[in-house]
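One structure below.
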Amino acid sequence: MTSELVRLQPQALQLDQNPAAVYLASLGSEVSRRTMLGALQVIAGLLSGGRTDWAGIDWASLRFQHVAAIRAKLADTYSAATANKMLSALRGVLKAAYQLGQLPAEEYHRAADIDGVRGDTVLAGRGLAKGELAALMAACENDASPAGIRDAAILALAYTGGLRRSEIAALTLASYEPETGRLLVHGKRNKYRYVYLVNGAAAAMDDWLAVRGSEPGALFLAINKGGHIRPGVGITSQAILNLCQKRGAQAGLQAFSPHDLRRTFISDLLGVGVDIATVAKLAGHASVQTTARYDRRPEEAKRQAVELLHIPYHRRKPVIQDKTRE
């Protein structure tokens with residue numbers, strides 16, 4: 001975009017003085033760092049015409065006109081949600097440059113005060129129906145191995161607690177209080193929150209704990225191909241995605257992700273009248289606007305409205321060819 005923003009020797013700038021590196025280090029989880037690093041790579045490509053990566057950009061030289069040009073290009077290329085996520089990463093780098101004393105306050109505020117990209121987006125993922133949740137539990141219950149017991153507890157927790165898969169993988173035995181059903185969750189941006197396991201979810205967790213044992217460490221442990229628990233080895237985020245795919249296939253469901261269980265958790269709570277502020281706290285959202293994006297009730301209301309209309313069309317009877325004339 002402009003050659004003066006590209007460093008000829010990016011190695012000369014120490015990481016603790018690189019605004020992008022400082023910003024990435026401030027993020028609370030590895031998942032967030034990977035996501036925002038990808039965003040900065042895209043922006044670096046736009047700024048340099050593809051000649052360098054994030055480490056080769058002189059971020060402190062960015063001004064309002066550069067950010068405005070980036071915003072315009074992102075708005076033309078990506079969905080509003082994706083473009084705004086990338087702009088959020090850019091604002092974070094600009095703030096780090098300001099805090100490092102590399103970007104004057106006036107220039108920082110001008111550059112960071114750029115409007116977000118507006119636009120409606122189609123709801124991502126899907127919600128699971130009650131029958132699908134029951135089918136998932138049945139698939140786990142039909143597996144008498146430790147994996148069946150563990151997977152039932154994980155799926156129950158993903159739905160009734162609304163946890164992200166990275167949050168589930170990070171849980172330890174000390175995170176859970178069996179007496180109260182309270183679970184301490186370490187969420188994004190190093191924030192903590194409590195969620196509560198009740199009825200069937202609490203029963204599934206109790207069954208898993210009886211199999212897992214009382215050794216300190218990860219709450220959910222890895223299980224080898226032979227069906228044996230691997231003591232001290234916690235389950236990974238990828239393994240949680242894999243078990244959703246496996247149990248979903250066993251239950252005969254359409255494909256779904258762990259985050260779809262989180263979407264269902266939020267939408268179902270809103271559907272039964274829980275106020276959005278409480279749902280936001282349970283989900284670990286910083287604002288209710290984020291929570292509102294998970295609400296599928298308006299779409300259901302549209303479908304019910306259209307069902308009030310009627311087209312007087314009658315299905316035709318299938319035509320059976322007379323093969324004797326062929």
Scaled radius of gyration (Cα, divided by 2.2 N^0.38 Å) that segment 126-231 gives: 1.04
Range of Cα positions in segment 130-305 per principal axis (Å), largest first: 51, 36, 27
Segment 175-228: trypsin sites (Lys or Arg not before Pro) in DSSP loop, at most 15 other beta carbons within 10 Å: K191, K225
Net charge over other residues, Cβ less than 12 angstrom from the Cβ of H259 (K, R count +1; D, E count -1): +3
Translational diffusion of segment 167-227, µm² s⁻¹ [Kirkwood Rh, Cα pairs; Stokes-Einstein; 10 °C; 1.306 mPa s]: 127 µm²/s
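Report, in deg cm²/dmol and to the nearest 500, the calculated mean residue ellipticity at 222 nm for the chain, where each DSSP H run with n ≥ 4 adds -39500 (n - 2.57) and the sum is divided by the residue count.
That comes out to -16000 deg cm²/dmol.
With a cap of 13 neighbouring Cβ atoms within 10 Å, and only residues DSSP puts in a loop, list the trypsin sites (Lys or Arg not before Pro) found in segment 78-150.
R118
For the chain, report the convex hull volume of the alpha-carbon atoms normalised per residue, in Å³, without decimals.
Looking at the chain, the number lands at 255 Å³ per residue.
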Pair-distance profile P(r), taking every C-alpha pair of segment 247-326, with 5 angstrom steps and integer %: 3, 11, 15, 13, 11, 11, 9, 7, 6, 5, 4, 3, 2, 2, 0
Environment charge at H109 (Cβ cut-off 13 Å; Lys +1, Arg +1, Asp -1, Glu -1): +1
Segment 3-112: C-alpha gyration tensor shape, a/c 1.5 cut-off, then a/b vs b/c: rounded
D206, D115 arranged by Cβ crowding within 10 Å, fewest neighbours leading: D115, D206
Relative exposure of L47, L15, judged by other C-beta atoms within 10 Å (fewest first): L15, L47
Mean Kyte hydropathy of -0.5 or more with a Cα span along the axis of at least 15 Å, helices from DSSP in the chain: 30-48, 64-77, 80-99, 130-141, 146-160, 199-212, 237-250, 258-271
Which of H66, H228 has the fewest Cβ neighbours within 10 Å, and the rest in rising order: H228, H66
Dipole in debye (nearest 20) - the chain, about Cα centre, beta carbon charges: Lys, Arg +1; Asp, Glu -1: 680 debye
At 0.692 mPa s and 37 °C, Stokes diffusion of segment 55-102 via Kirkwood alpha-carbon radius, µm² per second: 289 µm²/s
Environment charge of V195, counting only residues whose C-beta is closer than 12 Å and scoring Lys/Arg +1, Asp/Glu -1: +3
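Throughout, read-outs are computed from the coordinates displayed, never taken from laboratory work. All of these numbers come straight from a predicted model, not from anything done at the bench. Please note: Cβ atoms are built from the backbone with ideal geometry, for glycine as well, and neighbour counts cover all protein chains shown.
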